[in-house]
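The values are calculated or read from the model by the stated rules, or taken from the named source; none is laboratory data. Because the structure is predicted, anything quoted here is derived from the model rather than measured. Note that we place each Cβ from the backbone using ideal geometry, even for glycine, and neighbour counts take in every protein chain shown.
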Amino acid sequence: MLRKLALAAGLLWSIAGAAQAAEAGRVVFVAGQAQVGRHAAVQDADVGEGDELSTGADGYIYVRTIDNGFLILRPNSTARVVAYAIDAKDPSKTQVKLELLKGVARAISGQGVKQARQNFRFNTPVAAIGVRGTDFTVYTDQQTTRVTVLSGGVVMSGFGANCTAAGTGPCEGRDARELFAGQSGLLLEVQRGNNVPQLLQNPALSPDQAEKPRSDEPAAKAVQAAASPVTANLDPQRSEQSLNNVRQAVQVSPPAPGPAPGPVVVVPPPVIVDTPRPDVPAVQEVFWGRWESLAGRPAQLGRIADPDMEMATYYSSYGITRLKNSALVMPTDGTAAFKLLGGEATMSNSGGDRVANIDAGQLSMDFSKRTFATSLQISTATDRASVVGSGVITDKGMLYDDQRSDTVIRGYLGGPHAEQAGYIFKNFSNPGMTVSGVTVWGR
């Protein structure tokens, strides 16, 4: 039986410490044939744990969750709310699990999910998806799942021995792969029987092509969540004000920390001789920051929150920003060696996180091949570790690991002629230890 909401979604979220165990949200917009459980979906219909949502060939359902997120179901789709228990006072007790059985759905993280990303799971018949604070769209049938990211990032893994459908939270073993909104035009795909997602650049395979969004679907904007309840008119021709309220309720945030794919053997990078640097005054354009405490160090935002900066890339606890409207002319040939200018590192094991030193580093680039190679020497008072990685350079100056090494890298080139660089890293090559951090470089 459908139950009426007693309070607006914002008030529900503000009741500190009250774990919402049964009520997941309510329907704020319906068009065409759509059902919640055995009943036709109607305005203000309550959606609870265990409820199945389905749409026909012309059906759409927009559900606003109790923590001000959204679940949007497009035509010919079926989804299930397995769990939606939000504990505002103790996020470690939050548990959210959604399933898309077939079709296309869009999930926009609410405040409760953002505070407990480690306890969120989005399952399909073949894959598990976790979030980095996120707005993403999924297509699935019984054999294939594809995901694209509108804001934030996701971590995805096919089901196998190390990732089961019965699990909770993201699967983040060596088979997992991540996708961020900054990787424009890319999607992750999992085929049944292949645990490792494939990174594809094929717009024809986008979930938006399988079932197109309505023109009034919320835009991926970082706007403040609405404090008042969202209402909707069941007639899509007379629901513009309701849909405006839905649009204004969307909120996104930076990704949460999380481990990345595990170790494989790599070859140390070669030493490349620098070519002459263009005679252009160097103005620092690349900066790093950390938006949460780590290893006893307080959050260090640096310039990542400045209004004159824009996010270039982010991973784990770190972000790299660049000056807005900065012009980057990518070299088309030649090689370059960069000098380590600064950064920070952390060593983590079963004993916790420890501050580490970056003793030495190397970063070299081959602009003709659009590849880079890097190595770092990291130490604490008792341990030493080597970090080795390699990857590709995109046309826009982004640095991405090539997934052949045991080091995840997200970075960016800056300066008028790519004479600056910064990257975030996480390394798993040292048994029982994870080494992570951020570095900045110059020529």
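Remarks
- Candidates Leu100, Leu73, filtered to the one that is of a type in the set (A, V, I, L, M, F, W, C), within 25 Å of Gln191 (Cβ to Cβ) and either in contact (Cβ under 8 Å) with a residue 40 or more places away in the chain or not assigned by TED's automatic domain parsing to the domain that holds Ala176 (or both): Leu100
- Counting only strands (runs of 3 or more DSSP E) wholly contained in the range 65-165, the ones carrying 2 or more residues that are of a type in the set (A, V, I, L, M, F, W, C) and within 16 Å of Leu53 (Cα to Cα) occupy 70-73, 78-85, 95-108.
- Selection status of Arg132, surrounded by 21 or more Cβ atoms within 10 Å (Cβ to Cβ), in contact with a Pro (Cβ under 6 Å, 6 or more places away or on another chain) and of a type in the set (D, E, K, R): yes
- Checking Lys89 against (1) surrounded by fewer than 22 Cβ atoms within 10 Å (Cβ to Cβ); (2) out of contact with any Gly (no Cβ under 6 Å at 6 or more places or on another chain), the condition it does not meet: (2)
- Boolean, Ser379 is in contact (Cβ under 8 Å) with a residue 24 or more places away in the chain and either in the same structural domain as Asn430 (by TED's automatic domain parsing) or of a type in the set (Asp, Glu) (or both): no
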